[in-house]
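The values are calculated or read from the model by the stated rules, or taken from the named source; none is laboratory data. Not measured: the values here are computed from a predicted model. Accessible surface areas use protein heavy atoms only, side chains included; no ligands, DNA or RNA. Shrake-Rupley method; radii C 1.70, N 1.55, O 1.52, S 1.80 Å.
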Amino acid sequence: MDDNAYLAMSADPLADGLAHARSRFARPDLDDATLMGALASAMVHLGVTGTVEELLSGGDLDLIAAVASCAPLPQPRVGLAMPEHDLQGRMDLSASSFRAFLRGLIGPRSSVGG
């Protein structure tokens with residue numbers, strides 16, 4: 001089914017326009033007020049007249065997408081998963097590991113004799 005036809009048949013075009021804008025951002029953490037504020041800021045920047053409610057309930061998906069592409073979004077509320085790093089590295093340059101390496105080359109020392 002075409003997106004425009006779906007918006008025309010919907011009972012709440014404002015909710016559908018908001019859902020379309022939210023799908024453009026791919027940010028489920030944004031609530032409706034934050035999303036509408038970001039769209040309002042983008043409308044002012046682009047010079048689009050009217051209110052956010054008029055934009056979203058108007059059904060013009062191309063205009064909603066254009067405004068959404070310029071909307072300033074806040075930082076995500078959930079932290080990003082960072083990969084774990086091995087801070088030690090592959091070479092252990094401590095004195096004990098160096099002595100163990102030398103013992104492996106030279107062999108064990110005899111405690112008898114001298």
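Taking 0.36 nm per intervening residue step and subtracting the Cα-Cα distance, what contour gain separates Asp12 from Glu54 on full extension?
Value of the extension gain: 13.9 nm.
Please list Met36, Met43 in order of solvent-accessible area, largest first, computed with a 1.4 Å probe with all protein chains present.
The ranking, largest first, comes out as Met36, Met43.
In square angstrom, rounded to the nearest 10, how much accessible surface does Ser41 have for a 1.4 Å probe?
60 Å²
When the Kirkwood hydrodynamic radius is evaluated over all pairs of different C-alpha atoms of region 20-70, what value in angstrom, to one decimal, is obtained?
This gives a value of 10.8 Å.
Report the full-extension gain for the segment Ala26 to Glu84: residue separation times 0.36 nm, less the Cα-Cα distance, to one decimal in nm.
Length gained, Ala26 through Glu84: 18.3 nm.
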